[in-house]
Amino acid sequence: MKRREEVKMSEENAPSMTKEQLVALLKSGPEGITRFNALCEEYRDWTVDLSGEDFSGTDLSGVRFLEVQLFETNFSGARLVGADFSGACLEMADFSDANLHKAVLTAANLGEALLMKADLTEAAVSGANFEMAHLDGANLSRANCYGACFARASLRGAALCKTDLSEADLSMANITEADLSEAKLVKAHLAAVLHGLKRADWQRLVEQTETSIEFAD
């Protein structure tokens, strides 16, 4: 078995692939994604930066982008079923109309990201940062959003049915016309002005939670 120091990566012994070659590999289909995942597993200290690349409409299902730099990367309309973005930098990335069913975004940073009409059903996004992100019309039904931050995010018309929002931060979020039926909001941070829902609706939704709410005049 190789010693840890033997597999520790540096710029000199990282895979000799350009950014363009990595993108081409990922776009080549399932075999390319499998190869990429294997490289990331073999060279665990390899810093992968695909910021600003265009993967719109690409099928990247099952890809493992753990802690990958994906700042302003375009995934609009992409198929990302079961993809793993744990710990990835996804600030200002575009996931509009993307299929992220059962994707893993645990502890990922999606600040100011675009997720309009994205499918995040059954996704694992616990501890993720969605501050100031745009999730209008997104579907997060049955997603695990435990401890996620949606502060100042826009969730207009979003589906949050049976979504676990326990201990999530929804302060100053815009949830106009969002569907929170059977959502779990235990100890969620709601003690701020939340736009779009009537007082009676919020009183019903947080009837069994340990929180306080302020309403706009």
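Coordinate-derived values only; no laboratory data. All values reported here derive from a predicted model rather than from experimental measurement. Note that each Cβ is placed from the backbone with ideal geometry, even for glycine, and that neighbours are counted across all protein chains shown.
Taking the fewest neighbouring Cβ atoms within 10 Å as the starting point, the ordered list for Val63, Val104 is Val104, Val63.
Across segment 110-157, the relative contact order, built from alpha-carbon pairs under 8 Å that are at least six residues apart, equals 42 percent. Counting neighbouring Cβ atoms within 10 Å and putting the fewest first, the residues Thr47, Thr176, Thr163, Thr106 line up as Thr47, Thr176, Thr106, Thr163.
Computed over neighbours whose Cβ is under 13 Å from that of Arg64, the net charge equals -2, Lys and Arg +1, Asp and Glu -1.
For segment 110-126, putting each phi into the Karplus relation 6.51 cos²θ - 1.76 cosθ + 1.60 with θ = phi - 60° gives couplings of 10, x, 6, 6, 9, 10, 4, 6, 6, 9, 10, 4, 6, 6, 9, 10, 4 Hz, in residue order, rounded to whole numbers and with x for Gly and Pro. Net charge dipole, segment 15-70: roughly 80 debye, given to the nearest 20, about the Cα centre with Cβ charges of +1 for Lys and Arg and -1 for Asp and Glu. Once the gyration tensor of the Cα atoms in segment 1-147 is diagonalised, the equivalent ellipsoid follows with semi-axes of 26, 16, 14 Å, ordered largest first. Extent of segment 69-145 along its three principal axes (Cα atoms, max minus min coordinate, largest first): 26, 22, 20 Å. Calculated FRET efficiency, Thr34 to Phe71, Cβ-Cβ distance, R0 = 30 Å: about 0.75 to the nearest 0.05. Positive contributions from Lys and Arg (+1) and negative ones from Asp and Glu (-1), summed over other residues with Cβ under 12 Å from the Cβ of Leu22, come out at 0. Other residues within the sphere of radius under 15 Å centred on the Cβ of Met116, judged by their own Cβ, net out at -4 (K and R +1, D and E -1).
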